[in-house]
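The values are calculated or read from the model by the stated rules, or taken from the named source; none is laboratory data. Just so you know, these numbers come straight off a predicted model, no measurement behind them. FYI the Cβ positions are ideal-geometry reconstructions off the backbone, even for glycines, and counts take in every protein chain you see. We work out accessible area using only protein heavy atoms, side chains counted, and drop any ligands, DNA or RNA first. Shrake-Rupley method; radii C 1.70, N 1.55, O 1.52, S 1.80 Å.
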Amino acid sequence: MASTIFRSLQVYPFLLYPTTFLRRRKGVFHLTTKATQSQTDTQQRQPQTKVSTGSTQSKKLDKIPKDYEAIIGIETHVQLSTLTKAFCGCPYNYGSPPNSSICPICMGLPGALPVLNSKVIEFAVKLGLALNCNLAFNSKFDRKQYFYPDLPKGYQISQFDVPIATAGFLDVDIPVEFGGGHKRFGITRVHMEEDAGKLLHAENGNYSQVDLNRAGVPLLEIVSEPDMRNGIEAAEYAAELQRLVRYLGVSNGNMQEGSLRCDVNVSIRPIGQSKFGTKVEIKNLNSFSSVSRAIDFEISRQVQLHSQGQENQIVQETRLWEEGSQRTITMRKKEGLADYRYFPEPDLPAVTLAQEYIDDIKNSLPELPEIKRRRYEQMGLSMQDVLFLANDKNIADFFDATLAKGADPKLVANWIMSDIAAFMKNEKLSINEIKLTPEELSELIASIKGGTISGKIGKEILFELLAKGGTVKELIEKKDLVQIVDPLEIEKMVVKVIAENPKQVEQYRGGKTKLQGFFAGQVMKLSKGKANPGVLNKILLEKLNSKS
């Protein structure tokens with residue numbers, strides 16, 4: 001029956017005029033779209049405004065603040081890490097075979113009724129609280145009507161006029177290399193909705209297939225206030241949102257998997273003008289650097305049109321970011337609210353929250369990135385250290401666990417950000433996958449600080465701990481790595497090295513004092529790296545400067 005219904009169905013989305021039908025191949029449904037006119041062809045025939053790129057564009061962007069102000073807001077879709085979809089029991093696993101996780105509900109078949117996954121509400125409340133929003137004790141779901149081949153019902157279950165969270169804010173630390181400072185960006189709303197399916201386009205462009213695995217997957221849409229003024233601020237806002245949802249555990253936030261997707265709205269206006277310019281939406285942004293570069297290009301494009309007296313060519317539309325050509329291109333005319341014909345979802349009850357439920361979730365929230373960064377600052381760490389450590393929750397947890405064992409914050413930060421980070425990068429491992437534990441890192445730092453081992457030997461021990469595990473004490477005893485601090489023993493080695501290198505001694509005493517490093521290196525080699533550097537250098541200078 002379903003095959004009969006879909007085979008006779010014709011759809012007419014904005015720039016694509018396909019005939020849509022469902023085929024069964026090896027037990028899996030494939031919705032195939034034969035296009036009479038490809039979207040790419042349509043885009044190519046539309047006139048494109050020529051905008052300077054490269055160094056010319058950079059020069060123009062430098063002049064933008066003098067004459068124009070950019071107004072930027074972001075709509076972010078966060079895919080929730082629930083075990084099942086929003087309104088049915090189907091699981092969702094990224095990369096599963098097409099149409100292998102679908103049922104009558106997520107396929108939108110007649111008579112199939114949705115049942116809300118309660119975890120979606122819990123995650124929405126968590127994120128709303130973390131974004132400092134006001135929560136709606138009574139909200140509802142609505143139907144957002146539009147037709148596209150990957151939307152099987154012909155509408156999306158979403159929230160319209162009564163979202164679950166409103167009027168919040170997100171604090172962001174701008175990296176030092178981009179000017180530094182703290183920024184606060186307003187959050188207009190957070191609402192719950194379901195995802196659509198995914199179109200798989202053929203290489204020749206003649207047809208598309210529909211994978212409905214993603215249809216019905218729960219999303220939270222976060223709509224910002226238009227508070228950003230350049231691409232860097234927008235990218236850092238999006239990166240902070242990614243950190244936040246990962247800290248909360250509501251989403252993995254992986255942009256490459258579509259778990260976090262940003263649609264950017266950009267307009268410009270002359271400096272001093274209060275009225276907003278015409279808003280343009282940009283899609284297809286799959287990295288934070290893409291967000292920044294797409295915004296900067298779009299600002300430049302709109303400024304150029306304004307400066308040429310062609311501001312009427314800036315229309316409310318959706319544009320795509322082309323990574324290859326580094327430009328935005330027209331996708332379709334932007335829909336208005338009236339086009340969606342919202343009305344309350346009749347198959348789902350209202351969502352009612354109790355204060356006790358909200359309080360329980362609030363009390364369960366982890367330390368959030370912004371609070372963690374401020375705590376690290378109070379420890380005397382630099383902003384560079386703070387941003388690195390707080391960026392990844394697992395690294396922050398490792399850092400905190402090491403501090404809990406009594407280690408010095410700056411020393412721990414240095415070890416994590418240098419040798420440990422380099423090892424993880426080279427081996428392509430996360431901090432949870434290395435063999436080193438916080439307890440042993442603290443012990444290693446204490447052994448160096450207490451003079452048991454030298455810093456050089458400490459590094460050797462570190463890399464063995466990272467790769468193979470074990471304990472610091474075991475490795476020191478097993479490899480006889482205890483630092484030599486006995487002055488008499490070190491003096492014997494210094495005397496031996498001086499006696500074996502008379503030519504260098506003569507040169508040193510003749511004024512080439514940099515040769516001290518040569519002698520120190522020879523002594524360290526003789527001691528197999530175990531001589532205490534402080535004691536060694538003191539004795540070495542005494543012997544080299546002695547006339548006898």
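A compact table of results
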read-out	value
Unique match (being within 28 Å of Val162 (Cα to Cα) and at pLDDT below 90) among Phe178, Phe276	Phe276
Residue match in the stretch 101-122 (condition: at pLDDT 95 or above, out of contact with any His (no Cβ under 9 Å at 6 or more places or on another chain) and within 30 Å of Ile282 (Cα to Cα))	yes
Odd one out for Val172, checked against (1) touching a His at 6+ places or on another chain (Cβ under 8 Å); (2) closer than 15 Å to Asp347 by Cβ	(2)
Members of the stretch 135-173 found to be in contact (Cβ under 8 Å) with a residue 60 or more places away in the chain, among the charged types (D, E, K, R) and over 23 Å from Ala238 (Cβ atoms), listed by number	Lys140, Asp142, Arg143, Lys144, Asp150, Asp161
Filter result (open to solvent by less than 60 Å² (accessible area, probe 1.4 Å) and touching a helix residue (DSSP H, G or I) at 6+ places or on another chain (Cβ under 8 Å)) within the stretch 381-391	Leu381, Met383, Asp385, Val386, Leu387, Leu389, Ala390
Total residues in the stretch 520-546, condition under 44 Å from the mean Cα position of the chain (by Cα) and in a helix (DSSP H, G or I)	1
Some residue of the stretch 126-133 being modelled with pLDDT of 95 or more and over 17 Å from Leu244 (Cβ atoms)	no
Some residue of the stretch 77-94 being outside any loop (DSSP other than H, G, I, E, B) and either hydrophobic (A, V, I, L, M, F, W, C) or surrounded by fewer than 22 Cβ atoms within 10 Å (Cβ to Cβ) (or both)	yes
Considering residues of the stretch 341-380 that are farther than 16 Å from Val176 by Cα and of a type in the set (Lys, Arg) only, the residue least open to solvent (accessible area, probe 1.4 Å)	Lys372
Candidates Ser325, Ser290, Ser259, Ser267, filtered to the one that is small (Gly, Ala, Ser), more than 30 Å from Ser81 (Cβ to Cβ) and out of contact with any helix residue (DSSP H, G or I) (no Cβ under 8 Å at 6 or more places or on another chain)	Ser325
Test: residue in the stretch 517-528 that is closer than 16 Å to Ser454 by Cβ and open to solvent by 80 Å² or more (accessible area, probe 1.4 Å)	yes
Single unsatisfied condition, Gly470 versus (1) within 25 Å of Asn426 (Cβ to Cβ); (2) open to solvent by 70 Å² or more (accessible area, probe 1.4 Å); (3) in contact with a helix residue (DSSP H, G or I) (Cβ under 8 Å, 6 or more places away or on another chain)	(2)
Failed item in (1) open to solvent by 70 Å² or more (accessible area, probe 1.4 Å); (2) modelled with pLDDT of 95 or more, with Thr402 passing the rest	(1)
